[in-house]
Every structure is written in structure tokens, then in C-alpha cells.
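What follows is a short report on a single structure.
The values are calculated or read from the model by the stated rules, or taken from the named source; none is laboratory data. Predicted, not measured: the structure shown is a model, and the values here were computed from it. Reconstructed Cβ throughout: ideal geometry from the backbone, glycine too, with neighbour counts over all protein chains shown. Side chains included, ligands, DNA and RNA excluded: accessible areas come from the protein's heavy atoms. Shrake-Rupley method; radii C 1.70, N 1.55, O 1.52, S 1.80 Å.
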Amino acid sequence: MAIESGDEWWRTAVIYQVYPRSFQDSDGDGVGDLPGVTRRLPQLKSLGVDAVWLSPFMQSPQRDAGYDVSDYTKVDPLFGTMRDFEALVREAHALGLRVIVDMVPNHTSSDHKWFRKALAAKPGNKARDRYIFRDGRGRHGQKPPNNWQSVFGGPMWDRVLDGKDGSVLPAKGANGKPGQWYLHIFDSSQPDLNWENRWVRDKFKNILRFWLDRGADGFRVDVAHGLVKQGGLPDYTPPAEGASMGGNEAAEPYWGQPGVHEIWREWRGVLDEYDGDRALCAEAWVSPIERMALWVRPGEFDQAFNFDYMFARWTARDLRRVIDESLTAFGAVGAPSTWVLSNHDVIRHATRLGMAGDPPQGDGIGPRSPYPVDAALGLRRARAASALMLALPGSAYLYQGEELGLPEVIDIPDEARQDPTWKRTKGKRYGRDGCRVPIPWEAEEPSCGFSPTGRAWLPQPGEWAAFARDRQEGVPGSTLELYRAALRLRRSKRLASGGVRWLNEWSRSRTVVAFRNRSVLVVANLGRRPIGLPDGKPLLESAPTRLGRNGKRMLPPDATVWLRAGR
Ligand code: GLC
């Protein structure tokens with residue numbers, strides 16, 4: 001049974017996203033793995049986080065870096081074994097860290113045995129009903145059933161060959177005649193499941209139990225707004241830049257359909273069969289925040305990623321607005337707000353905040369990007385943004401490497417790019433490889449300590465050594481020490497269970513965000529000039545403050561400070 005609502009660990013937790021393939025390799029193949037994660041857990045503990053979320057490590061052909069699962073109850077050999085997972089959980093729990101498993105229910109891999117069976121089955125067969133198969137349009141069914149466009153580019157449908165070989169077209173050497181089409185919101189190797197189907201629902205309840213039985217403290221649920229599609233699958237023309245992850249779901253017939261909530265209530269029921277407050281976090285790209293709050297009503301998810309916060313522009317007004325809206329909307333349904341600035345799908349915030357212009361959201365950048373980057377400005381702002389975020393009440397998500405100030409890698413050679421978006425759009429969109437480059441630990445080691453053989457599945461740039469963890473450890477003013485201090489103070493000052501009171505003096509300022517949370521005054525300067533600070537001892541500074549000529553402490557531009565508040 002869940003403990004009394006209000007005290008659950010996830011309400012105030014800082015959750016660190018581990019992207020296993022890029023975190024720590026232990027066997028030397030150039031891809032990170034679970035034993036690697038286990039080895040580095042003490043370093044995460046010393047950083048001061050409460051939980052780790054592991055991006056998918058289940059069996060998968062890795063066509064979308066593991067978000068294409070071919071067996072939900074097996075560990076992919078690339079990442080290790082089930083024993084390795086169990087050892088990881090044991091070690092994490094011994095350190096007082098929780099473990100969140102990434103669950104991908106919207107689609108399986110096309111290698112999953114359910115899909116293989118569906119392909120081999122006749123139209124109308126129950127194996128086909130587990131996915132979304134439809135006849136094509138046109139006299140010979142030669143046109144896709146509707147005009148939907150995949151989030152990764154190209155059509156959302158592919159056609160199959162009917163026959164015992166059951167193949168996806170074009171299929172070399174396979175027998176049969178062109179038959180039905182199947183739906184995939186993402187890559188053609190990620191067929192969408194049919195969540196109207198009871199069998200599918202029951203299977204997933206058991207998959208959840210499988211991981212809960214092995215000590216998972218909860219799940220991050222992939223594409224939680226996509227499982228139910230609008231009845232009749234009506235045509236929908238996306239904006240010129242192509243289909244997005246959502247945000248306009250009033251119009252998009254595959255995002256945020258009301259029927260999806262029934263599924264989450266069932267999942268909640270499964271988690272409630274277990275003790276210890278197992279948590280459910282939704283990846284639901286839903287806007288505005290009031291709508292997103294539907295996902296975290298009592299009896300559904302505990303948390304949802306706050307993507308409006310992630311993409312808020314670096315202006316005082318936008319930040320105050322999104323913070324107010326988040327606290328109000330989530331608070332209204334009794335959920336904590338979450339805060340997040342980076343993950344494995346978006347441009348790292350140390351680069352995003354240094355990009356000129358108004359770049360499109362949620363995609364990578366490359367050498368021909370029309371949005372020039374000022375790296376020094378980006379890092380400065382990223383440190384200020386993180387210091388601001390970690391002072392906010394609720395739960396915060398960190399993405400591996402942001403505590404080192406890592407930038408997006410822009411100049412990955414074309415031939416090394418792996419994200420399916422790159423291929424599907426014929427290089428028009430760079431995809432997300434730039435935020436997934438293996439992270440640097442020890443500057444002097446091969447591949448900066450990532451892999452014992454010095455291999456790395458995506459090439460690390462030369463500048464990586466300068467960001468290595470051992471170069472920052474114990475170095476005053478380093479980004480690592482900034483995060484560590486922020487997490488320590490956040491805990492000791494109980495900021496995560498506090499609140500936001502805007503400081504009158506700056507409550508309408510165009511350049512300053514300033515609030516009080518319990519005994520801490522937080523001031524962020526987004527303007528171009530230093531500002532004078534109220535009295536109070538600095539507890540944390542994203543950039544050094546200095547005493548001005550008038551004896552007032554001055555906060556430089558693009559910096560955040562935490563001050564001890566007067567009574
Ligand atoms: C989610 C994941 C992303 C993946 C997609 C399809 O958005 O975060 O990495 O490509 O779902 O599973």
C-alpha cells in the first residue's frame with residue numbers, strides 16, 4: 001500500500017537520467033552497460049541525487065537506441081544480464097538511491113514476436129489486432145490509410161506482404177502480395193500497439209509486475225500521450241516542419257486522446273499492489289500545463305515531465321509565468337511540479353541557451369545549423385538556469401553530463417550519426433545524437449574513462465577532456481561543484497517541499513527573476529548589467545558576485561545566486 005499521500009519520496013526527489021549506452025562501458029565494446037552504471041553509482045550518490053532513471057536496456061535491435069523493445073522481460077546482451085540489473089538495484093538501494101525503469105508501451109520493435117506473428121497472420125486475425133493494421137486507400141490499397149506523418153520523418157504507415165513470410169515492403173525475396181498497412185508514429189521498425197485490445201493491456205500489467213518484483217521503484221513511461229488514437233484515424237496535416245511530439249493535441253489525432261487515461265488508472269492499480277511508493281512518471285508532450293495536469297490527477301501518474309519549463313525562453317517574464325502556471329496547475333491536482341532542462345531527445349541546455357534566434361524545439365543541430373551558438377554564454381546561462389531550477393519546490397530531473405556543463409556535440413561526422421531521424425529525413429534533420437555522446441569521467445584515460453578500450457559508439461570531441469569529472473572534482477566554481485552544492489543546500493534548506501514567493505521589488509522585472517523559498521532568497525539576473533543584491537550571505541553562486549563601490553553585493557548578468565534571507 002502507498003504511504004500517506006504527501007510524504008512520498010518522489011515529491012521532492014532529484015532524479016538523474018542515466019542513458020546507459022553513453023554512461024560507462026565496462027566490457028570494452030564502446031557501448032555503456034549496466035555493470036558500468038553500477039560501478040559509478042557511488043559517484044551519483046556523492047553528487048547528491050535521490051534516484052536514477054535508466055533509459056531502456058531491454059532486448060532490442062537498437063534501431064532507436066533501445067526505444068524499440070523486442071522483449072520486455074529480457075536485458076539486452078549489449079547492456080548485460082538480468083543478474084547485472086539485479087546487482088545494480090541492490091547496490092543502488094544499499095546507497096539509498098531508487099531505480100526508475102523506462103517503459104515503452106506505445107510501440108514494440110518490429111522484431112518483437114508479437115509483431116512477427118501479426119505479419120504472418122491474415123488480415124482480421126487476432127494477432128493483427130494487437131497492432132494497428134488497416135487496408136490502404138486507392139483501388140488496389142496502394143495508398144496509405146491516411147496522411148499522417150511520422151515524428152521521425154516520412155509517412156506514419158508501411159505496407160506489408162501478405163503471405164506466410166509476412167514481410168514489410170519493400171522485401172527482397174519474400175513471397176506474397178502487397179497487403180495491409182501498419183501504423184508507426186516513430187520509425188517503421190517501431191509498430192504502434194493497439195491499446196484498445198484487452199490482451200495488450202493485460203500483457204503490460206504483467207510486464208510492470210515483472211520489474212516491480214525485481215525491485216524497480218517506478219517507471220518513466222515513454223510517449224504516455226500517444227497510446228490511443230482518434231477513432232476512424234482521420235487525416236491530419238501537420239505544420240510545415242513536420243509532425244512533432246505533441247503540444248497541439250487538440251488537433252493531432254494521435255496525441256492526448258481522452259481514452260488514454262483509462263490505461264494509466266489501470267497501471268496505477270498495478271503499482272499500488274506493491275509497497276514502498278513505486279512511482280509513475282509520464283513523458284507526455286502536452287500543452288498547456290493545465291492539460292498536462294490531467295496526467296497527474298490522483299489515481300494516474302505521480303509526475304509528468306514539465307516540457308513547458310524546459311523550453312521556456314530565457315526571459316524573466318517567461319520563466320515567472322511558467323513557474324506560476326506549473327505550481328498552480330500541478331498543485332490543483334495535488335501533484336508536485338517537476339522541472340527539467342535536458343534529456344536524451346533535446347539539445348543540451350548548455351548549448352540551447354547559447355543559440356541565437358528562436359530554434360525549433362526538440363531536435364538536434366549540426367554544422368549547417370542556422371542558429372549560431374555562443375558556447376561561453378550557453379554554459380554561463382546553463383549554470384544560472386540549473387541553479388534556479390534546483391531552488392524550486394517539487395522534483396527535478398537531471399540528464400547525465402549536465403552536471404559537467406556538457407554542450408551539445410554539433411560536428412558529429414555524418415557517417416557516424418545513428419538517430420533514425422537523420423536517415424529518414426535524408427539528413428535534413430540532424431536528430432538527437434549530439435546530446436548522446438558518451439560522457440567524460442577521467443581526462444587522461446582513453447575515451448575519457450568511458451570505455452576501458454577507448455572505444456565510443458559516438459565519437460567524443462577533443463574538448464571532452466576539459467569537461468571530465470576528475471577535472472572538476474573539488475575545484476571551486478566548477479559546474480560539478482555547483483550542482484553538488486545546490487543539491488546539498490536544497491536538501492538541508494528543505495527547498496523541495498517549500499514554495500515560491502516572488503520578491504516584490506522584482507516581481508514585474510523584465511530582467512530579474514527573484515523569489516523566496518523558505519529561508520533562501522533566489523535571484524537570477526537575465527539582463528545585460530550587474531544588479532545590486534539584497535542583504536544576505538551568499539550560499540550559492542552560479543558566477544562570482546562582487547562587492548560594488550557602494551558596498552552592495554553585485555550579481556553579474558546571466559547568473560543566479562542563493563542568499564540567506566533575513567528574518
Ligand atoms: C520517446 C523517447 C525517444 C524515442 C521515442 C520513441 O520520446 O524519449 O528517445 O525515440 O519516444 O520511442
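Under the condition of being open to solvent by 30 Å² or more (accessible area, probe 1.4 Å) and among the aliphatic types (A, V, I, L, M), which residue from region 237-252 is nearest to the ligand (Cβ to nearest atom)? Before the answer, list the steps.
Pass one, region 237-252, residues open to solvent by 30 Å² or more (accessible area, probe 1.4 Å): 237, 239-241, 244-245, 247-248, 250-251.
Subset that is among the aliphatic types (A, V, I, L, M): 240, 245, 250-251.
Details: Ala240: 22, Met245: 6, Ala250: 20, Ala251: 19 Å.
It comes out as Met245.
Being open to solvent by 20 Å² or more (accessible area, probe 1.4 Å), part of a loop (DSSP other than H, G, I, E, B) and hydrophobic (A, V, I, L, M, F, W, C), is that true of even one residue in region 459-478?
Keep residues of region 459-478 that are open to solvent by 20 Å² or more (accessible area, probe 1.4 Å), which gives 459-463, 465-467, 470-471, 473-477.
Filter once more, so that each one left must be part of a loop (DSSP other than H, G, I, E, B): 459-463, 473-477.
Filter once more, so that each one left must be hydrophobic (A, V, I, L, M, F, W, C): 475.
Within region 459-478, one or more residues are open to solvent by 20 Å² or more (accessible area, probe 1.4 Å), part of a loop (DSSP other than H, G, I, E, B) and hydrophobic (A, V, I, L, M, F, W, C).
Going through Leu95, Leu41, Leu54, Leu34 one at a time, which residue ends up being more than 30 Å from Asp187 (Cβ to Cβ) and open to solvent by less than 10 Å² (accessible area, probe 1.4 Å)? I'd like the intermediate steps shown before the answer.
Details: Leu95 fails: open to solvent by less than 10 Å² (accessible area, probe 1.4 Å); Leu54 fails: more than 30 Å from Asp187 (Cβ to Cβ); Leu34 fails: more than 30 Å from Asp187 (Cβ to Cβ).
Unique residue meeting the criteria: Leu41.
Would you point out which residue out of Arg321, Arg368 is open to solvent by 40 Å² or more (accessible area, probe 1.4 Å) and not in a helix (DSSP H, G or I)? Working first, answer last.
On the way: Arg321 fails: not in a helix (DSSP H, G or I).
Just a single option satisfies the conditions, and that option is Arg368.
Limited to region 63-75, what total is found for residues that are within 9 Å of the ligand (Cβ to nearest atom) and over 14 Å from Ser110 (Cβ atoms)?
2
Of all residues in region 324-338, how many are more than 16 Å from the ligand (Cβ to nearest atom) and within 17 Å of Glu8 (Cβ to Cβ)?
Here is the first cut: in region 324-338, the ones more than 16 Å from the ligand (Cβ to nearest atom) are 324-337.
Then drop every residue that is not within 17 Å of Glu8 (Cβ to Cβ), which leaves 330-331, 333-337.
Going through region 324-338 one residue at a time, the tally reaches 7.
Any residue at all in region 295-309 that is charged (D, E, K, R) and either within 15 Å of the ligand (Cβ to nearest atom) or in contact with a strand residue (DSSP E or B) (Cβ under 7 Å, 6 or more places away or on another chain) (or both)?
If we filter region 295-309 for residues that are charged (D, E, K, R), which is where we start, we get 297, 300, 302, 308.
From what's left, either within 15 Å of the ligand (Cβ to nearest atom) or in contact with a strand residue (DSSP E or B) (Cβ under 7 Å, 6 or more places away or on another chain) (or both): 302.
So far as region 295-309 goes, yes, one or more of its residues are charged (D, E, K, R) and either within 15 Å of the ligand (Cβ to nearest atom) or in contact with a strand residue (DSSP E or B) (Cβ under 7 Å, 6 or more places away or on another chain) (or both).
For region 173-196, does any single residue satisfy the condition of being of a type in the set (Lys, Arg), part of a loop (DSSP other than H, G, I, E, B), away from the ligand (no atom under 16 Å from the Cβ) and surrounded by fewer than 16 Cβ atoms within 10 Å (Cβ to Cβ)? Full working, then the answer.
Residues of region 173-196 of a type in the set (Lys, Arg): 177.
Among the residues that remain, those that are also part of a loop (DSSP other than H, G, I, E, B) are: none.
Within region 173-196, not a single residue is of a type in the set (Lys, Arg), part of a loop (DSSP other than H, G, I, E, B), away from the ligand (no atom under 16 Å from the Cβ) and surrounded by fewer than 16 Cβ atoms within 10 Å (Cβ to Cβ).
So, in region 253-282, how many residues would count as being out of contact with any Phe, Trp or Tyr (no Cβ under 6 Å at 6 or more places or on another chain), within 16 Å of the ligand (Cβ to nearest atom) and of a type outside the set (Val, Ile, Thr)?
Summing the residues that are out of contact with any Phe, Trp or Tyr (no Cβ under 6 Å at 6 or more places or on another chain), within 16 Å of the ligand (Cβ to nearest atom) and of a type outside the set (Val, Ile, Thr) in region 253-282 gives 4.
Can you run down the residue pairs with Cβ atoms below 8 Å, 6 or more apart or on separate chains, where the first is in region 268-289 and aromatic (Phe, Trp, Tyr) and open to solvent by 10 Å² or more (accessible area, probe 1.4 Å) and the partner is more than 16 Å from the ligand (Cβ to nearest atom) and in a helix (DSSP H, G or I)?
Final answer for the pair search is Tyr274/Leu212.
Which members of region 426-443 meet the condition of being under 20 Å from Gly66 (Cα atoms) and not basic (Lys, Arg)?
Here is the first cut: in region 426-443, the residues under 20 Å from Gly66 (Cα atoms) are 430-439.
Hits for region 426-443 are Tyr430, Gly431, Asp433, Gly434, Cys435, Val437, Pro438, Ile439.
How many of the residues in region 130-151 are crowded, with 16+ Cβ neighbours inside 10 Å and under 30 Å from the mean Cα position of the chain (by Cα)?
Applying the first criterion (crowded, with 16+ Cβ neighbours inside 10 Å) to region 130-151 yields 130-134, 136, 141, 144-146, 148-151.
Still in the running and under 30 Å from the mean Cα position of the chain (by Cα): 130-133, 146, 148-151.
Count: 9.
May I ask you to say which residue of Ser55, Ser60 is closer than 24 Å to Gln303 by Cα, of a type in the set (Gly, Ala, Ser), touching a strand residue (DSSP E or B) at 6+ places or on another chain (Cβ under 9 Å) and within 16 Å of the ligand (Cβ to nearest atom)? Show your work before the answer.
On the way: Ser60 fails: closer than 24 Å to Gln303 by Cα.
Exactly one of Ser55, Ser60 is closer than 24 Å to Gln303 by Cα, of a type in the set (Gly, Ala, Ser), touching a strand residue (DSSP E or B) at 6+ places or on another chain (Cβ under 9 Å) and within 16 Å of the ligand (Cβ to nearest atom), namely Ser55.
I'd like to verify a number: residues in region 371-386 that are without any contact (Cβ under 8 Å) to a residue 40 or more places away in the chain and open to solvent by 50 Å² or more (accessible area, probe 1.4 Å), how many? Walk me through how you get there before you give the answer.
Step one: filter region 371-386 for residues without any contact (Cβ under 8 Å) to a residue 40 or more places away in the chain, giving 371-376, 378.
Checking the rest, the ones that are also open to solvent by 50 Å² or more (accessible area, probe 1.4 Å) come to 371-376.
Number of matching residues: 6.
Go through Ser70, Ser22, Ser60 for me and flag whichever is farther than 16 Å from Val89 by Cα and surrounded by fewer than 23 Cβ atoms within 10 Å (Cβ to Cβ). Show your work before the answer.
On the way: Ser22 fails: surrounded by fewer than 23 Cβ atoms within 10 Å (Cβ to Cβ); Ser60 fails: surrounded by fewer than 23 Cβ atoms within 10 Å (Cβ to Cβ).
One residue alone meets the criteria, Ser70.
In this structure, does Pro359 turn out to be assigned to a loop (DSSP other than H, G, I, E, B) and farther than 28 Å from Ser22 by Cβ?
Numbers: assigned to a loop (DSSP other than H, G, I, E, B): yes; farther than 28 Å from Ser22 by Cβ: no.
It is false that Pro359 is assigned to a loop (DSSP other than H, G, I, E, B) and farther than 28 Å from Ser22 by Cβ.
Considering only residues that are open to solvent by 40 Å² or more (accessible area, probe 1.4 Å) and part of a helix (DSSP H, G or I), which ones fall in region 203-231? I'd like the intermediate steps shown before the answer.
Taking region 203-231 first, the residues open to solvent by 40 Å² or more (accessible area, probe 1.4 Å) are 203, 205-206, 209-210, 213-214, 230-231.
Within region 203-231, Lys203, Lys205, Asn206, Arg209, Phe210, Asp213 qualify.
Please verify whether Pro234 is modelled with pLDDT under 95 and open to solvent by 10 Å² or more (accessible area, probe 1.4 Å), treating the condition exactly as stated. Can you show your working first?
Working: modelled with pLDDT under 95: no; open to solvent by 10 Å² or more (accessible area, probe 1.4 Å): yes.
For Pro234, the condition - modelled with pLDDT under 95 and open to solvent by 10 Å² or more (accessible area, probe 1.4 Å) - is not met.
For region 400-413, does any single residue satisfy the condition of being open to solvent by 10 Å² or more (accessible area, probe 1.4 Å), away from the ligand (no atom under 16 Å from the Cβ), free of Cβ contacts under 8 Å to residues at least 12 places away in the same chain and farther than 28 Å from Ser509 by Cα?
Within region 400-413, not a single residue is open to solvent by 10 Å² or more (accessible area, probe 1.4 Å), away from the ligand (no atom under 16 Å from the Cβ), free of Cβ contacts under 8 Å to residues at least 12 places away in the same chain and farther than 28 Å from Ser509 by Cα.
With the condition kept exactly as written, say whether any residue in region 431-448 is part of a helix (DSSP H, G or I), free of Cβ contacts under 8 Å to residues at least 60 places away in the same chain and buried (at least 23 other Cβ atoms within 10 Å of the Cβ).
Yes, region 431-448 contains a residue that is part of a helix (DSSP H, G or I), free of Cβ contacts under 8 Å to residues at least 60 places away in the same chain and buried (at least 23 other Cβ atoms within 10 Å of the Cβ).
At least 1 residues that are in contact (Cβ under 8 Å) with a residue 60 or more places away in the chain and within 20 Å of Arg484 (Cβ to Cβ) in each: list the strands (runs of 3 or more DSSP E) lying fully within region 519-566 that qualify. First the steps, then the outcome.
Values: elements: 520-525, 538-541, 553-555, 559-564.
By residue number, 520-525, 538-541, 559-564.
Select from region 339-382 the residues that are at positive phi and away from the ligand (no atom under 16 Å from the Cβ) and list them in ascending order.
Step one: list which residues in region 339-382 are at positive phi, which gives 357, 362.
Once the filter is applied, which keeps residues that are at positive phi and away from the ligand (no atom under 16 Å from the Cβ), region 339-382 yields only Gly357.
Given the residues Glu241, Glu249, which is the only one that is assigned to a loop (DSSP other than H, G, I, E, B), of a type outside the set (Val, Ile, Thr), under 17 Å from Val296 (Cβ atoms) and at pLDDT below 80?
On the way: Glu241 fails: under 17 Å from Val296 (Cβ atoms).
From the options Glu241, Glu249, the qualifying one is Glu249.
Which one is farthest from Thr479 (Cα to Cα), of the residues in region 414-430 that are within 15 Å of the ligand (Cβ to nearest atom) and in a loop (DSSP other than H, G, I, E, B)?
Initial filter on region 414-430 (within 15 Å of the ligand (Cβ to nearest atom)): 417-425, 429-430.
Add one more test, that the residue is in a loop (DSSP other than H, G, I, E, B), and what stays is 417-419, 425, 429-430.
On the way: Arg417: 28, Gln418: 29, Asp419: 28, Thr425: 36, Arg429: 30, Tyr430: 28 Å.
Looking at residues that are within 15 Å of the ligand (Cβ to nearest atom) and in a loop (DSSP other than H, G, I, E, B), I get Thr425.
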